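Below is one structure, written out as structure tokens, with a few remarks after it.
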Amino acid sequence: MASEKARWSERELIFNISEIFAEANSDLLVGIGDDAAVVARPDAPVVVTTDMAVEDVHFKVNWSSAQEIGRKVAAANLADIYAMGGKPKYLTVAMAATGNEELEWMLDIARGIAHEAHLVGAQVIGGDLTKGEKIVISITAIGDCKNAILRSGAKVGDSIYVTTLPGWSAAGLIALQKNISGGAVDFAISEHRAPSVDYDNGIEMAKKANAMCDVSDSVFIQGGQLAESSGVKLEIDGELISAHPDFADLEKIAARVGVDVWQLIIGGGEDHAFLATGIDLPFFKIGTVVAGNGIELKKISAIQPGWDH
């Protein structure tokens, strides 16, 4: 009888990979395990990150235009640079295509990536193209990072903040899966296809944050990683979140697509909102850092954890 396939989590795999690649290197200021790596350079540290998107896992060509796909993949990389307190400068793009794509569709992928890069003043400087059974896009982002903001800096007594209310992309995904559209749902769908990342507020948040990350996989997963890195507990308060000016609109969308609004906000991902801890940050407060470990959800219904590959 065949043995049951072994199961492992993304976090477990990354932890073990970091040990394999661990080497003494005085230039490496931040290694594997945060939103991006930071390498010392003579003028200023360099921040580097890579993200890969696979057809039918991260996007579907019958749901999104080529420009939307390009924007979405680029946004994932750029948000990681900002989550470290960095400023992106260059992108390289590697792509596998099936060979059945029209030239204009391929050019629209490039236009989408360029659109997102131009929003932050970054430039695509190279890459690679090959053939594959499915479309795969991998982008490496490189930027400057004078003062890296890590996941390990949260302190007991900090408040927890987000730049924007998460949950829109997750709502859009469910709407697409259930073929629901119209009204406010269309905004959620557009946020899933190509998220509107709040880059400017990411810069402002990093100026005063003690710890910071982007919540691409969910508040629950990324918040848990931040708590683990800092050796603290994050208390997320549903009463605070429900006071957000966008909460009522998202709650209505959640009801329409048939899912608990807390599953969207706490368990949903791909909005690329920024989450940080600190004192008196000028952003929306959702909780408090206390002694302990992990995440405690207060006045929030039970949710399923966010995205785990």
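Compute the Kirkwood hydrodynamic radius of the chain, taking the inverse of the mean of 1/r over all pairs of distinct Cα atoms, and give it in Å to one decimal.
Radius from the Kirkwood sum: 20.0 Å.
If you roll a 1.4 Å probe over the stretch 153-303 with all protein chains in place, what percent of the accessible area is carbon or sulfur? Working shown, then result.
Working: 2860 of 5790 Å².
Accessible surface attributable to carbon and sulfur in the stretch 153-303 totals 50 percent.
As I understand it, the dipole of the stretch 135-266 uses +1 on the Cβ of Lys and Arg and -1 on the Cβ of Asp and Glu, about the Cα centre. Which of G182, I135, I241 lies farthest toward its positive end?
Farthest along the dipole direction, towards plus: I135.
I need the peptides 182-189, 256-263 ranked by packing, meaning the mean over residues of other C-beta atoms within 10 angstrom, with the highest value on top.
Ranking the peptides 182-189, 256-263 by packing returns 256-263, 182-189.
Percent relative contact order of the chain, based on C-alpha pairs within less than 8 angstrom and at least six residues apart?
Result for the chain is 21 percent.
Considering only DSSP beta bridges whose two residues both sit in the chain, what percent are antiparallel, to the nearest 5?
Taking every DSSP beta bridge within the chain, about 70 percent pair in antiparallel fashion.
Dipole magnitude of the stretch 122-170 about its Cα centre, charges +1 at Lys/Arg Cβ and -1 at Asp/Glu Cβ only, in debye to the nearest 20?
Using only the charged Cβ atoms, the result is roughly 80 debye.
Using a 10 angstrom cutoff on alpha carbons, build the Gaussian network for the chain and name the most mobile of E116, E104, E191.
E104
With runs of 4+ DSSP H residues as the only contributors, calculate the mean residue ellipticity of the chain at 222 nm using -39,500 (n - 2.57) per run, divided by the residue total and rounded to the nearest 500.
So the helix-based figure for the chain works out to -11000 deg cm²/dmol.
Which order do peptides 50-62, 164-176 fall in by mean Cβ count within 10 Å, highest first? Could you put the intermediate results ahead of the total?
On the way: 50-62: 15.1, 164-176: 24.8.
Top to bottom by mean Cβ count within 10 Å: 164-176, 50-62.
Quote the charge dipole size of the chain about the Cα centre in Debye, to the nearest 20; the model charges only the Cβ of Lys and Arg (+1) and of Asp and Glu (-1).
For this selection, approximately 260 debye.
With every protein chain left in place, what is the accessible area per residue of the chain in square angstrom, probe 1.4 Å?
With the other protein chains kept in place, the chain gives 49 Å² per residue.
Just how far, in whole angstrom, is the stretch 107-162 from the stretch 255-305 if you go by their alpha carbon centroids?
23
Show me 138-145, 199-206, 238-245 ranked by packing, highest mean number of other Cβ atoms within 10 Å first.
Working: 138-145: 22.1, 199-206: 19.2, 238-245: 15.5.
Highest to lowest by the protection proxy: 138-145, 199-206, 238-245.
The values are calculated or read from the model by the stated rules, or taken from the named source; none is laboratory data. Predicted, not measured: the structure shown is a model, and the values here were computed from it. Glycine also receives a Cβ, built like all others from the backbone with ideal geometry; neighbour counts cover every protein chain displayed. Keep in mind that these areas ignore ligands, DNA and RNA; they rest on the heavy atoms of the full protein, side chains included. Shrake-Rupley method; radii C 1.70, N 1.55, O 1.52, S 1.80 Å.
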